[in-house]
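Structure first, then comments.
The values are calculated or read from the model by the stated rules, or taken from the named source; none is laboratory data. Please read all numbers here as calculations on a predicted model, not as lab measurements. Because the Cβ atoms are built from the backbone with ideal geometry, glycine has one as well, and the counts that use them run over all protein chains shown.
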Amino acid sequence: MSGCERFDRVILSDFLEVNRRELQNWLQEGKSSIDWTSYFKYVCELEGRSSSAWAEKATRLRSVVSNVLPLDVHQSCPLSPGFLPPSGADCLVSSFCLESVSHDLLSFTNALGHISSLLKKGGYLLLIGALGESFYMGGPGLYIPVVPLDESQVCASLKAHGYELLQLCIYHLPPDMKVGVDDVTGVFFAKAKKA
Ligand SMILES: C[S@@+](CC[C@H](N)C(=O)[O-])C[C@H]1O[C@@H](n2cnc3c(N)ncnc32)[C@H](O)[C@@H]1O
């Protein structure tokens, strides 16, 4: 939502067809079953704007999304070729994905390497994820295993792929946010530059 203010072309991706369909539905105004208004309003406020700018932001976001593509972070070429410039994307955002689809630290680090191939040299990575999480419930009775990470492992994985870490923020979950749908202890927000 914030990225669309800075970039003229944005590609969205997810592994699951059902998730991509939801994104496609939202792109066609009036087709989504999810109301994102409150999220848009909140992001406008975080950006220091009035929440009433939300509709303008939604229009801007719809206008810059060029594709919604399948992606598998466990493949060395995670995205179909031909959608990115040959040098790679200017910026890559990955949120709560790598740790939740990797069975161990090596798999997480390898997946980070795979998505890094999509980013140009000197490009920026925003990597957001869970710390200390061993599972989350994807739905009633649907237990999804996660690789539990600590801060130093995230930094080491970034370093292993030649990133310069520019900023790392950690959000520690307060007890009232531990409601049993997962065992997350914190969230990391890393901003890094690809060497
Ligand atoms: C915990 S959800 C995070 C969703 C969203 N990015 C967010 O920040 O809320 C994990 C996501 O990883 C996707 N996923 C599962 N396997 C994947 C894979 N092999 N490659 C890329 N994404 C995958 C799922 O479809 C799901 O959308």
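I'd like the residue in segment 10-23 that is within 14 Å of ASN67 (Cβ to Cβ) and either of a type in the set (Phe, Trp, Tyr) or in contact with a helix residue (DSSP H, G or I) (Cβ under 7 Å, 6 or more places away or on another chain) (or both) and, out of all such residues, is farthest from the ligand (Cβ to nearest atom). So the residue we want is VAL10.
Which one of these is within 12 Å of the ligand (Cβ to nearest atom), modelled with pLDDT of 95 or more and either among the aromatic types (Phe, Trp, Tyr) or under 30 Å from ALA195 (Cβ atoms) (or both): PHE96, PHE83, PHE7?
Values: PHE83 fails: within 12 Å of the ligand (Cβ to nearest atom); PHE7 fails: within 12 Å of the ligand (Cβ to nearest atom).
Only one candidate qualifies: PHE96.
Quick check, is ASP35 at negative phi and under 19 Å from the mean Cα position of the chain (by Cα)? No. Looking at segment 29-45 only, could you name the residues that are part of a loop (DSSP other than H, G, I, E, B) and exposed (fewer than 14 other Cβ atoms within 10 Å of the Cβ)? Across segment 29-45, the qualifying residues are GLU29, GLY30, LYS31, SER33, ILE34, ASP35. Filtering segment 172-195 to residues that are without any contact (Cβ under 8 Å) to a residue 60 or more places away in the chain, in contact with a strand residue (DSSP E or B) (Cβ under 7 Å, 6 or more places away or on another chain) and either exposed (fewer than 12 other Cβ atoms within 10 Å of the Cβ) or closer than 19 Å to ASN110 by Cα (or both) leaves HIS172, VAL181.
Quick one: is PHE40 touching a Cys at 6+ places or on another chain (Cβ under 9 Å) and either hydrophobic (A, V, I, L, M, F, W, C) or not assigned by TED's automatic domain parsing to the domain that holds TRP54 (or both)?
Values: touching a Cys at 6+ places or on another chain (Cβ under 9 Å): no; either hydrophobic (A, V, I, L, M, F, W, C) or not assigned by TED's automatic domain parsing to the domain that holds TRP54 (or both): yes.
Judged against the criteria, PHE40 is not a match.
Please state which one of LEU126, LEU131, LEU166 is in contact (Cβ under 8 Å) with a residue 60 or more places away in the chain and either within 14 Å of the ligand (Cβ to nearest atom) or not assigned by TED's automatic domain parsing to the domain that holds VAL43 (or both). Give the steps one after another, and end with the answer.
Details: LEU131 fails: in contact (Cβ under 8 Å) with a residue 60 or more places away in the chain; LEU166 fails: in contact (Cβ under 8 Å) with a residue 60 or more places away in the chain.
Answer to the check: LEU126.
Does VAL73 satisfy being within 12 Å of the ligand (Cβ to nearest atom) and either surrounded by 13 or more Cβ atoms within 10 Å (Cβ to Cβ) or assigned by TED's automatic domain parsing to the domain that holds ILE115 (or both)? Let's see the steps before the verdict.
On the way: within 12 Å of the ligand (Cβ to nearest atom): yes; either surrounded by 13 or more Cβ atoms within 10 Å (Cβ to Cβ) or assigned by TED's automatic domain parsing to the domain that holds ILE115 (or both): yes.
Judged against the criteria, VAL73 is a match.
When you look at ILE170, is it touching a Pro at 6+ places or on another chain (Cβ under 7 Å) and among the β-branched types (Val, Ile, Thr), yes or no?
Working: touching a Pro at 6+ places or on another chain (Cβ under 7 Å): no; among the β-branched types (Val, Ile, Thr): yes.
So ILE170 fails the test.
Within segment 47-60, not a single residue is modelled with pLDDT of 95 or more, under 19 Å from the mean Cα position of the chain (by Cα) and β-branched (Val, Ile, Thr). Tell me whether segment 47-55 contains one or more residues that are surrounded by 14 or more Cβ atoms within 10 Å (Cβ to Cβ), away from the ligand (no atom under 16 Å from the Cβ) and aliphatic (A, V, I, L, M). Yes, the conditions are met somewhere in segment 47-55.
A quick yes/no check of all residues on (1) over 23 Å from SER2 (Cβ atoms); (2) more than 17 Å from the chain's Cα centre (by Cα):
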position	(1), (2)
SER95	no, no
LEU106	yes, yes
HIS114	yes, no
LEU125	no, no
PHE135	yes, yes
GLY162	yes, yes
PHE189	no, no
ALA192	no, no
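Residues in segment 24-38 that are in contact with a helix residue (DSSP H, G or I) (Cβ under 8 Å, 6 or more places away or on another chain) and among the polar types (S, T, N, Q): 3 in all.
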